[in-house]
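Heads up, the thing below is written out as structure tokens.
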Amino acid sequence: HDHAQFLFHFRSPQRNHLLRESYGLLQIGVLLPEFKMAARWEKIAVARLARAVEEDVYPDGGYSEGSTYYHRFAMRVLQEIKNFAETNEVELPPVIAGRLEGMYDFLLYLSRPDGTMPQINDGFYSRDLRESFAAPAKEFGRNDFEYFNTEGKAGEPPRFTSMGFPYSGMYAMRSDWTSQARYCVFDAGLFGSAHGHEDKLSFELHAFGRPFIIEA
């Protein structure tokens, strides 16, 4: 009860902290309905989540922090929230599912030919993204997500080989969707709300199954 009251009265201004705090408030409100404030906690948590998604997830699917690592982190939190809401019959505003699908699109097109994540800004780890696309392929009915998840064994390749994300300032180009593709990603975006580097026009280059130039 005290934790929920704290989250209700005090909140982070934005970004992934606000997502996690709001998710915590939502869980307490939904799972402990015996508290008199439970319904209000749930209502305010859903409102904060919708606002956070509208403000921090760009219309092109990029995340305001400008980091591939924090993009994936926020995407995973939103996926957990969506799963929790569906399990507990909590209605979420459509913007949450819509922007979440866009976040998957963003990482799909930025992914290296070997399925790993480019280390843009505070990208930290070169993680394999493909395992994250199994569930959303079914949830959103996306054959290209299935193709990416199965390394081309099922589904259909993404429609485009190159894609620009004007709100995020990210541009990815590849010769094809095989593991041997020639690939380049440019960071021409803003500094970001956090975790950014002052290195605009930096790029990563990957070709013939191996990296050639990576984020320094």
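The values are calculated or read from the model by the stated rules, or taken from the named source; none is laboratory data. Keep in mind that what you see is a predicted model, and the values were worked out from it rather than measured. A quick note on method: Cβ atoms are made from the backbone with ideal geometry, for glycine too, and the neighbour counts reach across all protein chains shown. Only protein heavy atoms, including side chains, enter the accessible area calculation; ligands, DNA and RNA are left aside. Shrake-Rupley method; radii C 1.70, N 1.55, O 1.52, S 1.80 Å.
Overview of values
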item	result
Some residue of the stretch 65-78 being in contact with a Pro (Cβ under 8 Å, 6 or more places away or on another chain), at negative phi and either open to solvent by 40 Å² or more (accessible area, probe 1.4 Å) or not aliphatic (A, V, I, L, M) (or both)	yes
Single condition Tyr167 does not satisfy, out of (1) open to solvent by 70 Å² or more (accessible area, probe 1.4 Å); (2) farther than 23 Å from Met75 by Cα; (3) not small (Gly, Ala, Ser)	(2)
When residues of the stretch 50-76 are limited to those that are in a helix (DSSP H, G or I) and either of a type in the set (Phe, Trp, Tyr) or in contact with a strand residue (DSSP E or B) (Cβ under 8 Å, 6 or more places away or on another chain) (or both), the one farthest from Gly115 (Cα to Cα)	Asp56
Subset of the stretch 196-211 that is more than 15 Å from Ser179 (Cβ to Cβ) and in contact with a Leu (Cβ under 9 Å, 6 or more places away or on another chain) - its residue that is least open to solvent (accessible area, probe 1.4 Å)	Gly196
Lone qualifier among Ala181, Ala194 - being at pLDDT 95 or above and out of contact with any His (no Cβ under 7 Å at 6 or more places or on another chain)	Ala181
Selection status of Lys153, basic (Lys, Arg), part of a loop (DSSP other than H, G, I, E, B), modelled with pLDDT of 95 or more and open to solvent by 30 Å² or more (accessible area, probe 1.4 Å)	yes
